[in-house]
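Following: one structure in structure tokens, then a few remarks.
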Amino acid sequence: METLQPVRRVQRVRHELKRRDVEVVRVEPLGTELVRVVFRGEDLVDFVSLGFDDHVKFIFGRGDDGEPVRRDYTPRAFDRIRRELTIDFALHGDGHASEWARNAVPGQRAVIGGPRGSMIVPTDYAWHMLAGDATALPAITRRLEELPAGSRAIVVALVDDLAPIEQVQSLAGVERYRVASADELVALLRTLPLPSGEGYVWCAGEAATMARVRDVLVQTRGHPREAIRIAAYWKQGASDFHEDLAS
């Protein structure tokens, strides 16, 4: 009997890499873990972000070495008519970017580079799992807004509260789980019943935690690599860190 192999349905698209000068026009706290900053600039006229976990390079200020600080962030939303790009900053730790976001005010200038490319994940999977810590919330909430009616989403969040997720207007049926530690996150992903049918799994967060998540989902639970992406958005003790662990 012939066995059907999983098919990779994710499409990767490259974009022309550009640097764009922007200005802060609005700042809005989102609970205790996020700050929303809206940037405006005519350089955004041809900005493109096709994937919910795209990354732009946010370039600002000066680091300890005197060079501009560069960090990767997810484009949360883009208004082409108003030339406005929204980025939600996770306020974890005391790094340069978190400190900048805590003190951002209208009129501040910055530079946005990219995105270099997009990973377009179809929305017609039978179910979608989205898991991670506060740094993953911008991508998770953007994805929830994109999913069509009839979709099913499972969100597992290592956060202080679920308010940023609960406030999202989504047409999908969403199951939400909050965990308080990396151990709880890994344990829940090991035992959480998954729906039948073809599903796509996306996870992002701290490097060591995401390595454990990968082992559970890929090795223990056997989720096909063709339908999973696990990314390390940050690493304890490191700055400007980003690594794909499974995709």
Could we say that Val218 is touching a residue at least 40 places away in the same chain (Cβ under 8 Å) and either of a type outside the set (D, E, K, R) or surrounded by 14 or more Cβ atoms within 10 Å (Cβ to Cβ) (or both) here?
-> no
Residue check: is Leu194 in contact (Cβ under 8 Å) with a residue 24 or more places away in the chain, in a loop (DSSP other than H, G, I, E, B) and closer than 17 Å to Val155 by Cβ?
-> yes
A careful count of residues in region 114-172 that are touching a residue at least 40 places away in the same chain (Cβ under 8 Å), of a type outside the set (A, V, I, L, M) and assigned to a loop (DSSP other than H, G, I, E, B) gives 7
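Please pick out the residue among Glu67, Glu16, Glu99 that is free of Cβ contacts under 8 Å to residues at least 12 places away in the same chain and part of a helix (DSSP H, G or I).
Glu99
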Any idea which of (1) assigned by TED's automatic domain parsing to the domain that holds Gln219; (2) surrounded by fewer than 18 Cβ atoms within 10 Å (Cβ to Cβ); (3) outside any loop (DSSP other than H, G, I, E, B) is the one Ala77 doesn't satisfy?
-> (1)
When every residue in region 14-26 that is among the aliphatic types (A, V, I, L, M) and at pLDDT 95 or above is compared, the one surrounded by the most Cβ atoms within 10 Å (Cβ to Cβ) is Val22
In region 212-236, which residues are more than 17 Å from the chain's Cα centre (by Cα) and among the hydrophobic types (A, V, I, L, M, F, W, C)?
-> Val216, Leu217, Val218
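The values are calculated or read from the model by the stated rules, or taken from the named source; none is laboratory data. These numbers were taken from a predicted model, which means no experiment stands behind them. Every residue, glycine among them, receives a Cβ derived from its backbone with ideal geometry; neighbour counts consider all protein chains shown.
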